[in-house]
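Visitor: First the structure, then my questions, so here it is.
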Amino acid sequence: LSSAISEISRLINRISAEVMKSYELKGTWAKYLLVMQRHRMGITASRLCLLCERNKSDASRALSELEELGLIMKLSSGRYRAKLILTERGNEIATGIASRAMEVIRFVGKDISEDEREILYRSLEKN
């Protein structure tokens, strides 16, 4: 199952990059958008770094560009304590990534037991 999870994770990363490319965005930004979509009430840059497993300088550059493009916005002032949320357009792009990723998961998961599917979903949420 762990090799399957690795393969699915790799496919989802590739799909994410393809979706982002269709919007002329960097593939590495997909994870930020997906995590932010799960935190609709806002998330700090520090917490986002932790969940996306990115360093603060990479995240800062990416978040600045995402904000300039109108995909995210700050709910308050400050650099790392301000809560960030997706704009409508950012949410639209994140939804596109998530729906394509779910297609892969459904296809791969169709022949596994319910217990294995639950393990698969939990493992993918960590990646």
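Visitor: Normalised by the number of residues in the chain, what is the relative contact order in percent for Cα pairs under 8 Å and 6+ residues apart?
Guide: 30
Visitor: Determine the share of the chain's accessible area contributed by carbon and sulfur atoms, expressed in whole percent, with a 1.4 angstrom probe. Kindly include the intermediate steps, with their values, before the conclusion.
Guide: Numbers: 4010 of 7890 Å².
Carbon-and-sulfur percentage of accessible area, whole number: 51.
Visitor: Considering only protein heavy atoms, what per residue accessible area in square angstrom results for the chain with a 1.4 angstrom probe? Numbers along the way, then the final one.
Guide: Details: 7890 Å² over 127 residues.
With the other protein chains kept in place, the chain gives 62 Å² per residue.
Visitor: Divide by every residue of the chain the summed helix terms, -39500 (n - 2.57) for each DSSP H run of at least 4, and state the resulting mean residue ellipticity at 222 nm, rounded to the nearest 500 deg cm²/dmol.
Guide: -22000 deg cm²/dmol
Visitor: Mind checking which lysines have their Cα closer than 17 Å to the Cα of Lys21? Skip sequence neighbours fewer than 8 apart in that chain.
Guide: Output for Lys21: Lys31.
The values are calculated or read from the model by the stated rules, or taken from the named source; none is laboratory data. Because the structure is a prediction, the values reported are computed rather than measured. Calculation scope for accessible area: heavy atoms of the full protein, side chains included, ligands and nucleic acids excluded. Shrake-Rupley method; radii C 1.70, N 1.55, O 1.52, S 1.80 Å.
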